[in-house]
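Just below is one structure, and these are the notes that go with it.
The values are calculated or read from the model by the stated rules, or taken from the named source; none is laboratory data. Predicted model, so just to flag it, every value in this text is computed and none were measured. When we count neighbours, we look across all protein chains shown, and the Cβ atoms used for this are built from the backbone with ideal geometry, even at glycine. Just the protein is used for accessible areas: all its heavy atoms, side chains included, with ligands, DNA and RNA removed. Shrake-Rupley method; radii C 1.70, N 1.55, O 1.52, S 1.80 Å.
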Amino acid sequence: MRLSSTGTMRRFLFGGAALLLALTAAACGGGGSSSSSTTAAASTAPKAGGSLTVFEWNGYSGDWPAGLDPATNINGAATQSQMNAIYGSLFELGPNGTIIPDLATGYSFSNGGKTITLDIRPGVTFTDGTPFNAAAVAWNINRDLKSTCTCKPTWPAKSVTAPSPSTVVVNLALPDGAFIAQIFDSTADWIASPTAVQKMGEKAFAVKPVGAGPFEVVSDTLSSELVLKKNPGYWQTGRPYLDNLTFKTVGGDEAAYEAMLAGEGQVYEGMSTPSLIKQAASHFNVVNESPSTVYDLQLNTLTPPFNNPKARQAIYAATNIAPILQHIFANQYPIAEGFTGPGGICNEPTVPGYQGYDPTLAKTLAQQSGLDKVTIKLGTIQNLVAEETTEALQTQWAAAGIHATIADYQLAPLIAQFTSGKWQSMVQTAGAYDPAGGVGVAFRFSSLSPFSGVHDAHLNTLLNQAAAAGSMSQRCALYNQAAAYIAQNYYGPFYFAYAPANVAVKGVVGPGLTEPLPTVVVQPTILWENVARSS
């Protein structure tokens, strides 16, 4: 992999603020001889062949009502597993946080961080037989940038071109040191066949998409069942191991657990109920990821009552997260005051000036702000532990004279609530492996995000400066400033770092199932080409 004469190669390593500024030749090798990911660590070797059925929760990853076209999939990165299986990835976030070249072989920065050159793997074809090349990648990225999908890339792109069959050049208006990390949870990582999109039309393509990933679509019943078969022309010899991969939507943790006990499926992504996680561990392999995501409360600061800083501070002071963490989540996760958990970079567990639990102060502020005279609407996603969390908050706030009604939503209606702007408070998860990632801090706190209730130009500047910085120490220092600024302005309390568990029957091996992967969007993106049956 080449180094730019005016830029540096960057490789992120999992944990803390570790960052190496060079990619090793072993991880980056060019052409068809390099590997897209590491072999799954397991006591038994993976075997070729076999099938898997994977359960996905209907309130999140099991919901794809608009199909699986990267540019039109309204649930976007929530369905990262299905997307990765069909399209593969330009880059993968692998074990220990390594950036693994997949359909791209490398990248370089130049022009002060404003130009990124992507090296595209030669000799790859889409499953419709058309060439996967730089022109296809540039076409997709330009299409994604114009998309209405909320998970589209947010780069300030001036141009995206393909000067050669194996080179894509992205020119930005501003430097972006986190460019590659931002690919993981945006649609830019998934490249669709331009020929298939244009020939089939967007609506038909979304139901039976064509990519260059390890699997190809057999049938797709939206938000219910996706049946895939092995891509015989996949670029990496010997992969994928599996012959067939099926994703099925289930109603939640209990339904998935019972179905796995009955032998109806082999994998469940994203189990969040602590009691079931404990039970599942006695029957199956359970992998708990180190969390980068943080549970937080978003406040809409544009409208009453949370346009009043005292009302926002009252919510901070009225919330005691310790008993919630104990009773609902069995103390599985660390309390957080910032927007990145210990599984991500620039983690800051304790933030200077953060308003902690103070019930006396909460009552006073509620009275001073008039918060005790109104009933606020508290929402969350339709998930058992999230719903229990809102109920606990409702009870705690009532003790301070703050009254709330509760609503819960599946993912698509939840997105609609945010984009309407007619919401007041939402318990959500925020955070990415890199805070500059698509669902990182800007997703919840930047004025430009439809999922933010904060509209503060100074905070925007801090977040933009942090994303642009090429030095990790500089980036983390700026993110620390942003965390303190959020706390000082009471823009939204953080609760605890969080990552659900992945559950797999014994005899299934692979990254994310028998060894941890860093979380991308709440959950890791499982490297399906490396998942196998060992028995």
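Taking other residues whose beta carbon is less than 9 angstrom from the beta carbon of Ser186, and scoring Lys, Arg as +1 and Asp, Glu as -1, yields -2.
Count Lys and Arg as plus one, Asp and Glu as minus one, and take only other residues whose Cβ is under 12 Å from that of Leu242; the net charge is then +3.
Positive end of the dipole of the range 294-417 (Cβ unit charges, origin at the Cα centre): among Asn307, Val351, Leu384, the Cα lying farthest that way belongs to Asn307. Under the simplified labelling scheme, the Thr364-Thr405 pair shows an inter-label distance of 3.2 nm, with each label point 7 Å from Cα along Cα→Cβ.
Here the range 350-437 is treated with +1 on each Lys and Arg Cβ and -1 on each Asp and Glu Cβ, and its dipole about the Cα centre works out to around 340 debye. As a length-normalised measure over Cα pairs under 8 Å and 6 or more apart, the relative contact order of the chain settles at 22 percent. Calculated [222 nm] ellipticity per residue, helices only, for the chain: -8000 deg cm²/dmol; basis is -39500 (n - 2.57) per DSSP H run with n ≥ 4, divided by all residues, nearest 500.
Rounded if a/c is under 1.5, else prolate if a/b is larger than b/c, else oblate: which is the range 376-509, with a ≥ b ≥ c the root eigenvalues of its Cα gyration tensor?
Numbers: a/c = 1.82, a/b = 1.18, b/c = 1.55.
Oblate shape, in that a/c is at least 1.5 and b/c is the bigger or equal ratio.
Here Kirkwood radius over Cα pairs in Å was computed from the coordinates, and among [x] 25.7; [y] 24.8; [z] 23.4 the match is [z]. Using Cβ point charges alone (K and R +1, D and E -1), the dipole size of the chain about the Cα centre works out to roughly 960 debye. Rolling a 1.4 angstrom probe over the range 65-123 with all protein chains present gives an accessible area of which 52% lies on carbon and sulfur atoms.
The magnitude of the dipole of the range 51-209, with charges of +1 and -1 set on the Cβ of Lys/Arg and Asp/Glu and taken from the Cα centre, is near 440 debye.
Using a 1.4 Å probe on the protein heavy atoms, what percent of the accessible area of the range 207-366 belongs to carbon and sulfur? Display every interim value, and only then the final one.
Values: 3020 of 5960 Å².
Accessible surface attributable to carbon and sulfur in the range 207-366 totals 51 percent.
Working ranking of peptides 328-334, 59-65, 339-345 by packing, defined as the average number of other Cβ atoms within 10 Å per residue, highest first, is 339-345, 59-65, 328-334.
Summing Lys and Arg as +1 and Asp and Glu as -1 over all other residues whose Cβ lies under 14 Å from the Cβ of Ala466 gives a net charge of -2.
What whole-number value in Å² describes the accessible area per residue of the chain for a 1.4 Å probe? Accessible area per residue: 34 Å². Shape of the range 360-408 from the C-alpha gyration tensor: prolate (a/c of 1.5 or more and a/b above b/c, with a ≥ b ≥ c the square roots of its eigenvalues).
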